[in-house]
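Asker: Have a look at the structure that comes next, please.
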Amino acid sequence: MQILVLSDIHANLTALDAVLEDAGTVDEVWCLGDIVGYGPDPNECVQRIRSLAHLTCVLGNHDAAVLGRIPLDAFHQDARHAIYWTRAILTRENLEWLAEIPEKQTVENFTLVHGSPRNPIWEYLLDPVSAAQNFAYFETDFCLIGHTHIPLQFALISPEYPARWTQPMVRRQVHLRPRTIINPGSVGQPRDHDPRAAYAILDTEENIWLARRVLYDIESVQERILNAELPRRHAARLSDGW
Ligand code: ZN
């Protein structure tokens, strides 16, 4: 099966639509959380994701914060501002839909979480040491994560050197070896200094992961962020991908 793997859309509908168009026809869509937060289009993004067939979704920290499940003082001031704004603007129907999303899902040989298998909502997996500790927290061959907004993978090699951090993957095809944690990067707010929307196509028969990037109209999103009086920083960072 061909799976479209998405994460960290962050209410950026223009990026999401560019990814959906670029990905073309797929058998399933797996979404690794943070559909909302930061960006100007939370209702539109929730509705677009809800409308996708064969969808599996896990909850992100921004989604959880909008639902009131995380204390807002855990967030940077600018992120907090967007969470309040999102909470006020989301329709009851979209909030109720978000509230049903679980923190962890298992599909075939894949565990799906937003942050890490050890702490699905909050832990950032950026270094091999924390990644190595997390292999004890999932039993499937593969674990898909988001949250850091950086495309990367950690493969369990040996007890002495338990994880390898490969370089960010840009349009790279990788044959996944069993016991790998992998992140497709962010659709709506990339942070690896490449402003293009990031996503992946996963072939579950061959275990082939194709990391992809796609250009979208960043300026139109920045304009909507400023018009909504969301923090300017959320608009500025999209141009540089940080
Ligand atoms: Zn995020």
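Asker: If a/c stays under 1.5 just call it rounded; otherwise compare a/b with b/c (prolate if a/b is bigger, oblate if not). Do that for the chain, with a ≥ b ≥ c from the square roots of the Cα gyration tensor eigenvalues. Present the calculation step by step, with values, prior to reporting the outcome.
Answerer: On the way: a/c = 1.55, a/b = 1.45, b/c = 1.07.
It is prolate, given that a/c is not under 1.5 and a/b is the larger ratio.
Asker: At 222 nm, what value in deg cm²/dmol follows for the chain if DSSP H runs of at least 4 each add -39500 (n - 2.57) and the sum is divided by all its residues, to the nearest 500? Mind showing how you got there, number by number?
Answerer: Values: 8 runs with 73 residues, N = 242.
So the helix-based figure for the chain works out to -8500 deg cm²/dmol.
Asker: For the range 32-189, calculate the relative contact order in percent as a whole number, restricting contacts to Cα pairs under 8 Å that are 6 or more residues apart.
Answerer: Working: 270 pairs, mean separation 31.7, N = 158.
Relative contact order here is 20 percent.
Asker: Would you kindly enumerate the cysteines in the chain that have no other Cys beta-carbon under 4.7 Å from their beta-carbon?
Answerer: CYS45, CYS143
Asker: Classify the range 1-75: rounded, prolate or oblate, from the alpha-carbon gyration tensor (a ≥ b ≥ c, eigenvalue square roots; a/c under 1.5 rounded; otherwise prolate if a/b is larger than b/c)?
Answerer: Values: a/c = 2.55, a/b = 1.77, b/c = 1.44.
The shape class here is prolate.
Asker: While we're looking at this one, here's another question. Return one number: the angle in degrees, 0 to 90 and rounded to the nearest 10, between the long axis of the Cα atoms of helix 218-227 and the longest principal axis of the Cα atoms of the chain.
Answerer: For helix 218-227, the angle is close to 40 degrees.
Asker: Highest GNM mean-square fluctuation, the chain, Cα pairs closer than 10 Å: which of PRO184, PRO231, PRO40?
Answerer: Between PRO184, PRO231, PRO40, it is PRO231 that shows the largest mean-square fluctuation.
Asker: Identify which of THR204, THR86, THR56 has the largest mean-square fluctuation in a Gaussian network model of the chain, with springs joining Cα atoms closer than 10 Å.
Answerer: Looking only at THR204, THR86, THR56, the largest GNM fluctuation is found for THR204.
Asker: If R0 is 35 Å, what FRET efficiency do you get for GLU93 and GLU206 from their C-beta distance, rounded to 0.05?
Answerer: Working: r = 39 Å, r/R0 = 1.10.
Approximately 0.35, to the nearest 0.05.
Asker: Give me the dipole magnitude in Debye, nearest 20, for the chain about the Cα centre, with unit charges on the beta carbon: positive for Lys and Arg, negative for Asp and Glu. Show your work: numbers first, answer last.
Answerer: Details: 21 positive and 32 negative charges, 101 e Å.
It comes to approximately 480 debye.
Asker: The range 80-147: percent of C-alpha pairs farther apart than 14 Å?
Answerer: Working: 1483 of 2278 pairs.
Percentage above 14 Å: 65.
Asker: A further question follows. If you restrict to DSSP beta bridges whose two residues both lie in the chain, what percentage is antiparallel, to the nearest 5? Each step should come with its number before you reach the end.
Answerer: Working: 25 of 38 bridges.
Counting only bridges with both partners in the chain, antiparallel ones make up about 65 percent.
Asker: Next question. Within the set of other residues whose C-beta is less than 11 Å from the C-beta of PRO231, count the net charge using Lys and Arg as +1 and Asp and Glu as -1. Don't skip to the answer; put the middle values down first.
Answerer: Working: positive: ARG80, ARG232, ARG233, ARG237; negative: ASP78, GLU229.
Taking every Cβ under 11 Å from that of PRO231, the sum is +2.
Asker: Next up: In whole Hz and in residue order, list the ³J(HN,Hα) couplings for the range 146-154 that follow from phi through the Karplus curve 6.51 cos²θ - 1.76 cosθ + 1.60, θ = phi - 60°; x for Gly and Pro.
Answerer: Working through the residues one at a time gives x, 6, 7, 6, 10, x, 6, 9, 10 Hz.
Asker: For GLU223 and HIS193, compute 0.36 nm times the residue count separating them, minus their Cα-Cα distance, and round to one decimal in nm. It would help to have the intermediate numbers written out before the result.
Answerer: On the way: separation 30, 0.36 × 30 = 10.80 nm, distance 2.06 nm.
Stretched out fully, the GLU223 to HIS193 stretch lengthens by 8.7 nm.
Asker: In a GNM of the chain with a 10 Å cut-off on Cα contacts, which of LEU112, LEU176, LEU16 has the highest mean-square fluctuation?
Answerer: Answer for the Gaussian network model of the chain: LEU176.
Asker: Sticking with this structure for a sec: Calculate how steeply helix 13-23 sits against the longest principal axis of the alpha-carbon atoms of the chain, using the helix alpha-carbon long axis, and give the answer as 0 to 90 degrees to the nearest 10.
Answerer: 40 degrees
Asker: Charges at C-beta only: +1 for Lys and Arg, -1 for Asp and Glu. How large is the resulting dipole of the range 40-126 about its Cα centre, in Debye rounded to 20?
Answerer: Values: 8 positive and 11 negative charges, 15 e Å.
Taking the Cα centre of the range 40-126 as origin, the dipole is about 80 debye.
Asker: Assuming R0 = 22 Å, what is the FRET efficiency of GLU21 and LEU55, from their Cβ-Cβ distance, to the nearest 0.05? Don't jump to the answer; show the numbers that get you there.
Answerer: Numbers: r = 17 Å, r/R0 = 0.78.
Efficiency computed from Cβ-Cβ geometry: 0.80.
Asker: Treating only the Cβ atoms of Lys and Arg (+1) and Asp and Glu (-1) as charged, compute the dipole magnitude of the range 201-242 about its Cα centre; round to the nearest 20 debye.
Answerer: Details: 6 positive and 8 negative charges, 64 e Å.
For the range 201-242, the charge dipole is close to 300 debye.
Asker: Using each residue's phi in the range 31-42, evaluate 6.51 cos²θ - 1.76 cosθ + 1.60 at θ = phi - 60° and report the 3J(HN,Hα) Karplus result to the nearest Hz, with x for Gly and Pro.
Answerer: Coupling constants for the range 31-42: 10, 9, x, 6, 6, 10, x, 6, x, x, 10, x Hz.
Every read-out reported here was derived from the displayed coordinates using simple, explicitly stated rules and does not represent laboratory data. This is a predicted model, so every value here is computed, not measured. Glycine gets a Cβ as well: all are built from the backbone with ideal geometry, and neighbour counts include every protein chain shown.
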